[in-house]
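First comes the structure, then the notes that go with it.
The values are calculated or read from the model by the stated rules, or taken from the named source; none is laboratory data. For clarity, every value in this text was computed on a predicted model and none was experimentally measured. Here the Cβ positions follow ideal geometry from the backbone for every residue, glycine too, while neighbour counts run over all protein chains shown. Just the protein is used for accessible areas: all its heavy atoms, side chains included, with ligands, DNA and RNA removed. Shrake-Rupley method; radii C 1.70, N 1.55, O 1.52, S 1.80 Å.
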Amino acid sequence: GGPPAPRHFLEIMDFDAASLRHMLDLGSRTKRGEVTDRPLAGKTVALIFEKPSTRTRVSFEVGVRQLGGDVVVLSSKDMQLGRGETPKDTARVLSRYVDAVMLRTDDVRKIRELAEYATIPVINGLTDVSHPCQIMADVMTFEEHRGPIAGQVVAWTGDGNNVAQSFIQAAARFGFVLRIATPPELAPPAALVDWARAQGAKIELTNDPKAAVAGARCVVTDAWVSMSDETEGRAPARHNLLAPYQLNAELMKHAAPDAILMHCLPAHRGEEITDEVMDGPQSVIFDEAENRLHAQKGVLLWALAGG
Ligand code: CP
Ligand code: NVA
C-alpha cells in the first residue's frame with residue numbers, strides 16, 4: 001500500500017550499475033534528438049541554490065524546459081530555508097506545489113532530510129561531499145571519446161573533495177580503476193574508500209601525482225578551494241599543499257598518449273590547471289560541461305517521466 005517511493009537522485013552509490021547506465025542511455029537518447037515529445041509537460045521542478053552556480057543552474061533550467069517542463073529557480077537566502085525553516089518542513093510544503101526539487105547545499109544532511117520528507121523526487125545538485133550529476137556527465141563524456149569506461153584507468157590529482165568522492169562511488173558502479181593523488185591531509189574519507197573497495201572497486205590512493213597519472217586514459221582535477229571550504233580561512237594552506245598536484249603539460253606526459261583530461265569547472269587557471277592543458281588537444285572540458293545538460297535530462301526522465 002501507499003504511494004510509490006519518490007525517485008530521488010541523491011548519490012551514485014544509491015544505484016546499481018544497470019540503473020545508472022539506464023539514466024545515461026536516456027540522456028544520450030535526448031542528446032541524439034530521439035526524445036521529440038514533451039515528457040515533462042505539466043511538471044514543475046524547483047531548483048534551490050545555497051551556493052553559486054553557472055552550469056548546474058543553467059543546464060537544469062534549460063534541460064527541464066527542453067523536455068517540456070517548467071522551473072522555479074530559488075536562492076536559499078531568499079527562502080525561509082535560509083533563515084532556519086527546516087528542510088523537513090520545506091520538503092512537505094514544496095511537495096504540494098512542484099513535481100521535483102533539485103538542491104545545491106553546503107551540508108549533505110539537509111538534502112537527506114529534504115528527501116526523507118519529500119513525496120516528490122529530490123535531485124542532488126552538489127553537496128559538501130558529493131556531486132553525482134557531475135560524475136554522470138563525466139562518465140558520458142569519457143565514453144563518447146574513448147568507449148566503455150569499465151576497466152579503464154582514471155586518475156584524480158588534487159583535493160579529495162566532493163567531486164572526487166562521487167568519482168569513488170562511480171568507480172564502484174561503473175567498474176573503472178581510480179587512482180587518486182592528494183596530499184595526505186586532503187585524502188578522501190577512508191570510510192568511503194573502504195566502502196568502494198568492499199564493492200569490488202579498484203581504488204588506489206597515493207601522494208604522488210605522477211604515480212597516479214602513469215598510463216591513465218583520463219586525468220581529472222578540480223578547485224583547490226571548494227565552495228564549502230571558503231569559510232575555513234585556510235585557502236593559503238590549501239594552495240601550498242596542492243601546488244604539486246597541478247594538472248599541467250609535464251604531468252600529462254605521464255598519462256597514456258591518447259589520454260583525455262577533465263575538470264568540472266569553474267577552473268582557476270594557473271592554480272589547479274594550466275591554460276596550456278585546459279585549452280590543449282587533450283582537453284574535453286567543454287564537452288564535459290555540455291554533457292551536464294544531457295546527463296541530467298536522463299536523470300530527470302528517470303525521476304519524473306517513468307523513464
Ligand atoms: N560544475 C558545476 O557544477 O558548475 P557550477 O558550480 O557552475 O554549477
Ligand atoms: N569542488 C567544487 C566543485 C564546483 C562545481 C566545489 O564544491 O566548489
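Brief remarks follow.
- Computed over the chain, the per-residue total of -39500 (n - 2.57) for DSSP H runs of n ≥ 4 gives a 222 nm mean residue ellipticity of -12000 deg cm²/dmol, rounded to 500.
- Computed over segment 18-176, Cα set: Rg, Dmax in Å: 16.5, 47
- Taking Cα atoms only, the orientation of helix 108-117 departs from the longest principal axis of the chain by about 30 degrees.
- In the complete set of protein chains, residue-level accessible area for Phe49 is approximately 20 Å², probe 1.4 angstrom.
- Relative contact order %, the chain, counting alpha carbon pairs below 8 Å whose residues are six or more apart: 22
- Just so you know, the Cα atoms of segment 160-235 work out to an Rg and Dmax of 12.6, 37 Å.
- P(r) weight above 29 Å for the chain, C-alpha pairs, percent: 33
- Cut-off under 5 Å, modelled amide H: who pairs with Ile48 long-range: Leu74, Met102, Leu103, Arg104
- From the alpha carbon centroid of segment 39-94 to that of segment 126-155 is 24 Å.
- Surface composition of the chain: carbon and sulfur atoms hold 50% of the protein heavy-atom accessible area at a 1.4 Å probe.
- Using the alpha-carbon positions of segment 123-194, Rg (one decimal) and Dmax (whole number) come out as 11.9, 34 Å.
- Dipole magnitude of the chain about its Cα centre (Cβ charges: Lys, Arg +1; Asp, Glu -1), debye to nearest 20: 760
- When you filter the GluC sites (Glu not before Pro) in segment 1-72 for DSSP loop state and at most 12 other Cβ atoms inside 10 Å of their Cβ, you are left with Glu34.
- Compared with the direct C-alpha span, the chain from Gln66 to Ala191 gains 41.1 nm at full extension, assuming 0.36 nm per residue.
- Degrees between helix 162-174 axis and first principal axis of the chain (Cα, 0 to 90, nearest 10): 90
- Segment 160-235-segment 1-36 distance, computed between alpha-carbon centres (Å): 24
- Stokes-Einstein diffusion for segment 153-300, with the hydrodynamic radius set to the Kirkwood value over Cα pairs and evaluated at 20 °C in a medium of 1.002 mPa s, equals 138 µm²/s.
- Entry note, segment 200-307: relative contact order of 29 percent, from Cα contacts under 8 Å with a spacing of 6+ residues.
- Note that segment 222-307 carries a Kirkwood radius of 15.0 Å, evaluated over its alpha carbons pair by pair.
- Potential lengthening of the chain between Glu85 and Val73 amounts to 2.5 nm, from the contour at 0.36 nm per residue minus the alpha-carbon distance.
- Relative contact order (%) - criterion: Cα under 8 Å, at least six apart; region: segment 1-94: 24
- GNM top mover of Asp99, Asp159, Asp138 - the chain, alpha-carbon springs below 10 Å: Asp99
- Close amide H pairs (under 5 Å, H built 1.01 Å from N) link Glu204 with Leu178, Arg179, Ile180, residues at least 5 positions away or on another chain.
- Against the chain, whose longest principal axis comes from its Cα atoms, helix 285-304 is set at around 30 degrees.
- Taking the inverse of the mean 1/r over every pair of distinct Cα atoms in segment 1-44 gives a Kirkwood hydrodynamic radius of 12.8 Å.
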